[in-house]
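Inspection log for the structure reproduced underneath, given as structure tokens.
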């Protein structure tokens with residue numbers, strides 16, 4: 001079997017022209033642009049928790065990098081470099097070739113260079129750290145939402161959750177889901193162009209990894225505000241049109257994680273510019289609600305004019321279950 | 001059971017005054033000193049591969065951070081921040097309290113702030129990424145060793161390997177090893193003060209994680225040189241004085257990993273300054289050989305004047321065995 005160093009050389013070491021020193025020393029050396037902050041995020045994907053055994057290795061490699069790139073996109077920051085630590089039960093060449101191919105494809109698609117990492121034996125575990133930069137003071141955090149701001153969501157949340165449910169149930173109760181649903185789960189596309197274009201427009205932003213409501217609750221908590229979502233504005237149509245039961249579609253949209261869509265707030269005065277940004281980066285944007293002054297208040301406005309309170313829904317790794325709405 | 005967010009809040013989130021934004025958003029925001037490069041290293045520790053089940057959690061927390069700090073020390077770089085991703089089979093409060101205590105103790109001892117991470121359920125796996133800074137162009141890489149340079153090793157390599165052997169064998173064939181041997185294995189002390197003090201003196205440097213000979217081979221390969229070690233100069237005495245068989249002591253010293261001592265080269269003209277540095281940071285330094293012009297040549301000078309060729313020895317995770325000398 002190949003050694004750790006042979007594995008790294010064969011599958012992971014690639015030219016890193018934008019790094020002063022890449023793979024192959026004790027540490028990588030990187031030079032950030034003047035007047036920029038360094039932006040860092042790390043994510044760990046575990047077999048049996050985040051993905052099932054037998055998941056296509058190329059998609060898994062893509063996703064391993066994509067989820068951290070998505071975090072930088074949600075800060076309106078440009079990702080530039082990544083490190084990757086992997087624990088693998090064996091050195092399966094076919095698996096490694098697919099996995100590394102997905103890693104490099106995702107890096108190249110987003111202007112990221114793999115500058116270091118660690119390769120070891122153990123239960124399958126994939127940990128990426130992505131570094132990038134943002135002009136000092138221009139990152140969009142979770143803390144800037146203000147009373148009256150619009151609440152926006154990109155793309156089509158809910159697809160990954162519906163694909164996962166089908167994968168876990170082995171059922172086809174939802175009919176045959178389009179391939180994009182499975183791709184949303186297995187090879188999510190970070191909304192990088194959108195995140196960068198929202199710099200200076202969004203007041204608060206994050207990427208939806210734990211579920212729209214659960215992640216919205218993070219913005220509300222960090223910003224000290226509340227929110228009213230409007231049921232009629234939720235992008236349910238595309239899910240229902242695929243044969244998904246409407247109530248199940250709503251649950252997937254509000255509670256399902258792993259789509260990595262961007263959830264953000266922006267002042268009403270920026271509404272037309274936000275819409276233009278969506279068009280310019282070819283990403284559907286849905287305005288789904290309004291920020292309220294009352295901290296922690298979270299409600300859904302129904303078609304008949306009534307409002308009902310909402311509880312955050314999100315996946316919790318250690319409680320192991322969903323908190324129902 | 002607590003949620004992921006409660007775990008992070010209770011055990012891992014600490015004030016991060018040197019970061020513009022720490023734990024709790026999509027990514028951390030850091031500001032590097034002007035005229036510095038960003039230095040990054042990541043390491044993954046896996047239960048059953050790098051440590052045995054039941055290892056003291058506080059020491060494990062310390063080591064998780066220490067091994068990456070050691071990488072930065074070996075670049076003559078100052079560590080400043082860390083992210084930590086952990087996969088745990090359960091949310092055991094006593095274990096988490098010990099582990100997090102060790103993480104924070106190691107961070108504080110080395111001026112590092114924990115600025116982000118990820119917490120998930122799965123087989124026990126600990127992945128730290130440490131980043132810091134070095135004045136541009138002043139990092140010490142593996143590539144600068146030159147013909148005639150002295151070869152130096154810090155402290156006492158071999159202790160961790162002897163402690164590990166005793167742990168795995170369950171034997172006490174080596175007599176009762178001092179507590180420092182077990183501490184070298186379970187809670188290694190990164191040679192940070194030494195690494196920083198060698199900036200401008202060392203021509204090439206790394207930390208010994210895979211074994212002195214195996215890691216020396218990395219310097220030789222990166223620098224395009226060879227090396228002659230002198231048997232009589234190897235710091236065997238402290239091992240033998242603890243009752244370890246001399247041949248076993250030599251094998252542990254040359255082939256044992258995990259001591260995180262610094263192995264470095266420096267010009268002969270810097271010899272007295274190197275010795276002064278060792279004294280000033282209270283770290284024993286041993287001059288153990290000389291760099292040779294011939295690329296890839298690696299030999300041991302014996303007391304009788306003969307030289308015998310050496311093969312690199314090091315632990316290989318995927319071959320699973322040692323290459324004997």
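How many of the residues making up segment B:63-93 are closer than 17 Å to residue B:206 by Cα and either surrounded by fewer than 24 Cβ atoms within 10 Å (Cβ to Cβ) or over 15 Å from the mean Cα position of the chain (by Cα) (or both)?
Residues flagged as closer than 17 Å to residue B:206 by Cα and either surrounded by fewer than 24 Cβ atoms within 10 Å (Cβ to Cβ) or over 15 Å from the mean Cα position of the chain (by Cα) (or both) within segment B:63-93 amount to 1.
Count, please, the residues in segment A:52-62 that happen to be within 15 Å of the chain's Cα centre (by Cα) and either surrounded by fewer than 24 Cβ atoms within 10 Å (Cβ to Cβ) or within 14 Å of chain B (Cβ to nearest Cβ) (or both).
Total meeting the criteria: 2.
State the number of residues belonging to segment A:258-285 that are under 19 Å from residue A:211 (Cα atoms) and either outside the structural domain of residue A:206 (by TED's automatic domain parsing) or buried (at least 19 other Cβ atoms within 10 Å of the Cβ) (or both). Spell out how you get there, then give the answer.
Our first condition is that a residue be under 19 Å from residue A:211 (Cα atoms); within segment A:258-285, this holds for A:258-265, A:284-285.
Of the ones still in play, those that are also either outside the structural domain of residue A:206 (by TED's automatic domain parsing) or buried (at least 19 other Cβ atoms within 10 Å of the Cβ) (or both) are A:258-265, A:285.
So the count comes out to 9.
Do the conditions hold for residue A:177, that is, is it within 14 Å of another protein chain (Cβ to nearest Cβ) and in contact with a helix residue (DSSP H, G or I) (Cβ under 9 Å, 6 or more places away or on another chain)? Break it down stepwise before answering.
Details: within 14 Å of another protein chain (Cβ to nearest Cβ): no; in contact with a helix residue (DSSP H, G or I) (Cβ under 9 Å, 6 or more places away or on another chain): yes.
In short, no.
Would you confirm whether any residue within segment B:230-251 is in a strand (DSSP E or B) and more than 21 Å from the chain's Cα centre (by Cα)? It would help to see each step written out before you state the result.
Residues of segment B:230-251 that are in a strand (DSSP E or B), as a first pass: B:230.
So of that shortlist, the ones also more than 21 Å from the chain's Cα centre (by Cα) come out as B:230.
Yes, segment B:230-251 has at least one match.
Checking the structure you have, find out if any residue of segment A:189-201 is at negative phi, surrounded by fewer than 18 Cβ atoms within 10 Å (Cβ to Cβ), under 14 Å from the mean Cα position of the chain (by Cα) and touching a residue at least 12 places away in the same chain (Cβ under 8 Å).
yes
Take segment A:254-269 and flag every residue that is over 14 Å from residue A:227 (Cβ atoms) and in contact with a strand residue (DSSP E or B) (Cβ under 7 Å, 6 or more places away or on another chain). Talk me through it step by step, then tell me what you get.
First, the residues of segment A:254-269 that are over 14 Å from residue A:227 (Cβ atoms): A:255-262, A:267-269.
Scanning segment A:254-269 gives A:255, A:257, A:260, A:261, A:262, A:268.
Just for segment B:271-300: of the residues that are assigned to a loop (DSSP other than H, G, I, E, B) and over 21 Å from the mean Cα position of the chain (by Cα), which one is modelled with the lowest pLDDT? Break it down stepwise before answering.
Initial filter on segment B:271-300 (assigned to a loop (DSSP other than H, G, I, E, B)): B:281-284, B:293-297.
Pick out the ones that are also over 21 Å from the mean Cα position of the chain (by Cα) and you get B:293-297.
Numbers: B:293: 96, B:294: 94, B:295: 93, B:296: 88, B:297: 93.
Once the filter is applied, the top-ranked residue is B:296.
Among the numbered conditions (1) in contact with a helix residue (DSSP H, G or I) (Cβ under 6 Å, 6 or more places away or on another chain); (2) touching a residue at least 40 places away in the same chain (Cβ under 8 Å); (3) within 16 Å of residue A:40 (Cβ to Cβ), tell me where residue B:26 comes up short.
(2)
Residues in segment B:18-33 that are over 15 Å from residue A:132 (Cβ atoms) and at pLDDT 85 or above: how many? Before you say what the answer is, go through the steps one by one.
Step one: of segment B:18-33, the residues over 15 Å from residue A:132 (Cβ atoms) are B:18-19, B:22-24, B:33.
Those left that are additionally at pLDDT 85 or above: B:33.
Within segment B:18-33, residues that are over 15 Å from residue A:132 (Cβ atoms) and at pLDDT 85 or above number 1.
Can you tell me which residue in segment B:1-47 is farthest from the other protein chains (Cβ to nearest Cβ), limited to those that are in a helix (DSSP H, G or I) and touching a strand residue (DSSP E or B) at 6+ places or on another chain (Cβ under 7 Å)?
Here is the first cut: in segment B:1-47, the ones in a helix (DSSP H, G or I) are B:4-12.
Then keep just the ones that are touching a strand residue (DSSP E or B) at 6+ places or on another chain (Cβ under 7 Å); that gives B:4, B:7-8, B:12.
Working: B:4: 5, B:7: 6, B:8: 11, B:12: 12 Å.
Going through the qualifying residues, I end up with B:12.
The values are calculated or read from the model by the stated rules, or taken from the named source; none is laboratory data. Remember, it's a predicted structure, so these values are computed and weren't measured experimentally. So basically every Cβ, Gly included, is an ideal-geometry build from the backbone, and we count neighbours across all protein chains shown.
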